[in-house]
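These notes concern the structure reproduced below.
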Amino acid sequence: MPRAIISLIGISLLTRNIEALLGENNFNEFASTFLTGYNKTKHKKPKDIIKIIGPEEEKKLTGYLKDMLGPPNLAEASAETNSLSHMGLQQGDILYFLSSNTLPGKICAQALYRYYKDQNLYGLKEPITIQYLVKDTFNKGLREFTHRIVEIIRDEKGKGNKVIINATGGYKPESIYATLSGILEETKVKYIHEEFDSPVELPSIPVNFNLSIFHRNATWIRLAIKGNKQAYDKLPKELMDLITFNLGRDSPFKPLGEVLWNAYRFAISPRGRKFPDVGLIDKLKPEHQKKVFKFIEKWDSLWLGDQVPQMVDHEQSHCQDVLNLAEQTLLPILDKDENFLSQEELYYLISAIFLHDIGHAETIDEHDNILFPEDIRKRHGEFTYQMIKKKPRDFGFNGFNDEAKLIAKICKYHQMTYGLGNLPEEKNGIRVRFITALLRIFDACDRQKSRAGEEDYRQMRLHANEREKKLYQKILEQMNPRGRIKEFIESKIKFIEKQEEHFRIHSEISLVHIEPGRLDRRWTCKIIYHPIKKRGKIREFENYINKELNVPSVKETLADNSLKFEVREGDPLP
């Protein structure tokens, strides 16, 4: 198998040769040939001399250094030749040289390139010059540097080649980010010190980069990149440490943020499909975008009074995940068929995604009856409808008009409790049943560990549930309530007992994503779930999704709109 070796290029080839010549009588001859502006008094050290190298010396110096290479002193000539000499280069190996955009860096890279090309043994790529790796734009340069390395790794691995990063040369920050890129891309990183007789392979760092935080906030990130301050303010602190909100910048990402964001984009782009730089919200009309941003702005207050905090997340992060699943499905389809959903239908779908679960904050039904937790859970779609109907302006609507009523109905019927057949197929140009069926599928697919929180949170939540259950049990024992009060407390206990199983189910699945593909005139979308561990199919997930897909009205509605979903198990993801 051919090897692709990515070498970081510094300027040791130049400094070592200058240093060797400085102690010899013929240095003045070298200086007069290659160094315009050399002053023996001012320029006493290699670093002083390197500073005066200008464009007029570039071609001459490149040729001179290239001629200096070769046996028997190849290994001693530079850090790069030393490392490559000890890697046992083989015929057919592919060599990449990455240098900074400084003149000395480019001279060294070109000299090495010309030398190895003359050997006629290796697949040589033209030296890659990384722009902006200078003081004033160094962060931008690091972003480009990591982007190019990852791009090469994926391209070569896609061809079936083994990839090695040779991190011996170059700036120290380059070595750090090259190593980080290698870890994320599961690529070997090698290094050799000048006193070593062979390269060492840098061990993997036992650090788990939790890319799910990007998954949960992908829409906010995309909007923040485009200058939306409301979206930026929604980001958790961990992401704010990786992103700088500054409208005038070429990229809002800090270098590490760029590395991790691109790793996430690649991780969820199956078969190399390009991760979309636009989301479904970007496809809305400006007036619809403003309404969606109102939901974002009001989100925290919409959820005040949540009556079922004992459950996995049903709030903002859940809605973000549902929107991500909708984007994975619909963006590739809309790229091929822009009429698959109209802008208005997209607006109704996105609005319902944000609002469908707010019924969990309701306390009494339409007859002023106190709601038990299990009632809220079973009928939260209906209560969402009631809440929008009661106070439509709180949700950004101008009264309970046709728009508000239709969105409220889509929210209500997102639950299997309510038959899809009770909705009109189409109203005011909106395919109501189809939009509702899509919401049902995307909502059902969000059975991912992110909804159950990190392990510490899960344990704290379950412990809090257990304390709450014991409190209600004590009330039953010590206060001996009767009638509806007793029923209410018993329902609380029963509901809490169910949540441990609810958390467990979600915690078994690392990630769910959807891959659409076209077959004849129909789109077939694979719902792929990745278990935490390889332990056979997670029947609970498959049964749950298939139950939703096989509801006759859902199945028929999807088929009528040339859409089909299938469930598949993916590789385990920790």
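The values are calculated or read from the model by the stated rules, or taken from the named source; none is laboratory data. What you are looking at is a predicted structure, and each value in this text was computed from that prediction instead of being measured. No Cβ is skipped: glycine too gets one built from the backbone with ideal geometry, and neighbour counts run over all protein chains shown.
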Fill in: Matching residues in region 471-488 - criterion: being of a type in the set (A, V, I, L, M, F, W, C) and not in a helix (DSSP H, G or I)
none
Worksheet item: Filtering region 143-157 down to residues that are basic (Lys, Arg) and more than 13 Å from Ile94 (Cα to Cα), which residue is surrounded by the fewest Cβ atoms within 10 Å (Cβ to Cβ)?
Response: Arg154
Discussion item. Taking the conditions exactly as written (among the hydrophobic types (A, V, I, L, M, F, W, C), part of a loop (DSSP other than H, G, I, E, B), in contact with a Gly (Cβ under 7 Å, 6 or more places away or on another chain) and under 25 Å from Leu202 (Cα atoms)), does Leu133 satisfy them or not?
Written reply: yes
Worksheet item: Inside region 410-454, can you point out the residues that are at pLDDT below 90 and at positive phi?
Response: Gly453
Response to the item:
Within region 136-182, residues among the aromatic types (Phe, Trp, Tyr) and over 25 Å from the mean Cα position of the chain (by Cα) come out as Tyr171
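Determine which member of the set Ala444, Ala404, Ala437, Ala464 is surrounded by 12 or more Cβ atoms within 10 Å (Cβ to Cβ), farther than 30 Å from Pro516 by Cβ, among the aliphatic types (A, V, I, L, M) and in the same structural domain as Pro373 (by TED's automatic domain parsing). Explain how you work it out, then say what you get.
Numbers: Ala444 fails: farther than 30 Å from Pro516 by Cβ; Ala437 fails: farther than 30 Å from Pro516 by Cβ; Ala464 fails: in the same structural domain as Pro373 (by TED's automatic domain parsing).
On inspection, the qualifying residue turns out to be Ala404.
Please go through region 158-193 and give me each residue that is part of a strand (DSSP E or B) and buried (at least 18 other Cβ atoms within 10 Å of the Cβ), ordered by number. Break it down stepwise before answering.
First, pick out the residues of region 158-193 that are part of a strand (DSSP E or B): 162-166, 188-191.
Result: Val163, Ile164, Ile165, Asn166, Val189, Lys190, Tyr191.
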Worksheet item: Out of curiosity, is Asp136 without any contact (Cβ under 8 Å) to a residue 24 or more places away in the chain and over 19 Å from Thr187 (Cβ atoms)?
Response: yes
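Going through region 109-130 one residue at a time, which ones are in a loop (DSSP other than H, G, I, E, B) and over 33 Å from the mean Cα position of the chain (by Cα)?
Initially, region 109-130 is screened for residues in a loop (DSSP other than H, G, I, E, B), giving 119-122, 125-127.
Correct list: Gln119, Asn120, Leu121, Tyr122.
Within the group Ala352, Ala361, which residue is closer than 24 Å to Leu330 by Cα and either of a type in the set (A, V, I, L, M) or in the same structural domain as Asn428 (by TED's automatic domain parsing) (or both)? Lay out the reasoning, then the answer.
Working: Ala361 fails: closer than 24 Å to Leu330 by Cα.
So the residue among Ala352, Ala361 that is closer than 24 Å to Leu330 by Cα and either of a type in the set (A, V, I, L, M) or in the same structural domain as Asn428 (by TED's automatic domain parsing) (or both) is Ala352.
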Worksheet item: So Cys411 fits all but one of (1) of a type outside the set (Ser, Thr, Tyr); (2) closer than 29 Å to Ile528 by Cα; (3) touching a Lys or Arg at 6+ places or on another chain (Cβ under 9 Å); what number is the exception?
Response: (3)
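Just name the residue that is modelled with the highest pLDDT out of those in region 200-245 that are charged (D, E, K, R) and in a loop (DSSP other than H, G, I, E, B).
So the residue we want is Asp241.
Take the residues in region 98-108 that are in contact with a strand residue (DSSP E or B) (Cβ under 7 Å, 6 or more places away or on another chain) and part of a helix (DSSP H, G or I); name whichever of them is nearest to Asp197 (Cα to Cα). Walk me through how you get there before you give the answer.
Keep residues of region 98-108 that are in contact with a strand residue (DSSP E or B) (Cβ under 7 Å, 6 or more places away or on another chain), which gives 98-101, 105-106, 108.
Next, from what is left, pick out any that are part of a helix (DSSP H, G or I): 105-106, 108.
Numbers: Gly105: 25, Lys106: 28, Cys108: 23 Å.
Checked region 98-108; the qualifying residue nearest to Asp197 (Cα to Cα) is Cys108.
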Discussion item. I need the full set of residues from region 481-516 which are closer than 20 Å to Leu549 by Cβ and more than 22 Å from the chain's Cα centre (by Cα), in order please.
Written reply: Ile505
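If you take the residues of region 372-409 that are among the hydrophobic types (A, V, I, L, M, F, W, C) and within 30 Å of Lys494 (Cβ to Cβ), which of them is modelled with the highest pLDDT?
Step one: filter region 372-409 for residues among the hydrophobic types (A, V, I, L, M, F, W, C), giving 372, 376, 383, 387-388, 395, 397, 400, 404, 406-408.
Now narrow it down to the ones that are within 30 Å of Lys494 (Cβ to Cβ): 372, 376, 383, 387-388, 408.
Details: Phe372: 71, Ile376: 79, Phe383: 88, Met387: 89, Ile388: 91, Ala408: 95.
Result: Ala408.
For region 425-457, which residues satisfy the criterion of being within 23 Å of Glu542 (Cβ to Cβ) and basic (Lys, Arg)? Steps first, please.
In the first step, residues of region 425-457 are kept if they are within 23 Å of Glu542 (Cβ to Cβ); the result is 436-452.
Hits for region 425-457 are Arg440, Arg447, Lys449, Arg451.
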Worksheet item: Of the residues that make up region 410-430, is at least one buried (at least 22 other Cβ atoms within 10 Å of the Cβ) and basic (Lys, Arg)?
Response: yes
Discussion item. Against the conditions (1) within 26 Å of Ala452 (Cβ to Cβ); (2) touching a strand residue (DSSP E or B) at 6+ places or on another chain (Cβ under 9 Å), where does Tyr348 fall short? Just the number, please.
Written reply: (1)
Item to complete: Taking Tyr457 as the residue in question, decide whether it is modelled with pLDDT of 85 or more, among the hydroxyl-bearing types (Ser, Thr, Tyr) and farther than 25 Å from Lys290 by Cβ.
Response: no
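Yes or no, residue by residue, for (1) closer than 25 Å to Tyr122 by Cβ; (2) modelled with pLDDT under 85; (3) touching a Gly at 6+ places or on another chain (Cβ under 9 Å):
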position: Ala4; (1), (2), (3): yes, no, yes
position: Ser12; (1), (2), (3): yes, no, yes
position: Asn26; (1), (2), (3): no, yes, no
position: Phe34; (1), (2), (3): no, yes, no
position: Glu57; (1), (2), (3): no, yes, no
position: Thr62; (1), (2), (3): yes, yes, no
Worksheet entry | Those residues of region 409-423 which are over 18 Å from Phe442 (Cβ atoms) and in contact (Cβ under 8 Å) with a residue 24 or more places away in the chain, in sequence order | Gly419, Gly421
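Determine, yes or no, whether Leu133 is modelled with pLDDT of 85 or more, buried (at least 18 other Cβ atoms within 10 Å of the Cβ), under 30 Å from Ala20 (Cα atoms) and under 36 Å from the mean Cα position of the chain (by Cα).
no
Among what's in region 415-458 and is assigned to a helix (DSSP H, G or I) and among the basic types (Lys, Arg), pick the residue that is farthest from the chain's Cα centre (by Cα). Break it down stepwise before answering.
From region 415-458, those assigned to a helix (DSSP H, G or I) are 420-422, 432-445, 449-452, 455-458; that's our starting set.
Still in the list and also among the basic types (Lys, Arg): 433, 440, 449, 451, 458.
On the way: Arg433: 32, Arg440: 24, Lys449: 16, Arg451: 17, Arg458: 23 Å.
Out of the qualifying residues, it is Arg433.
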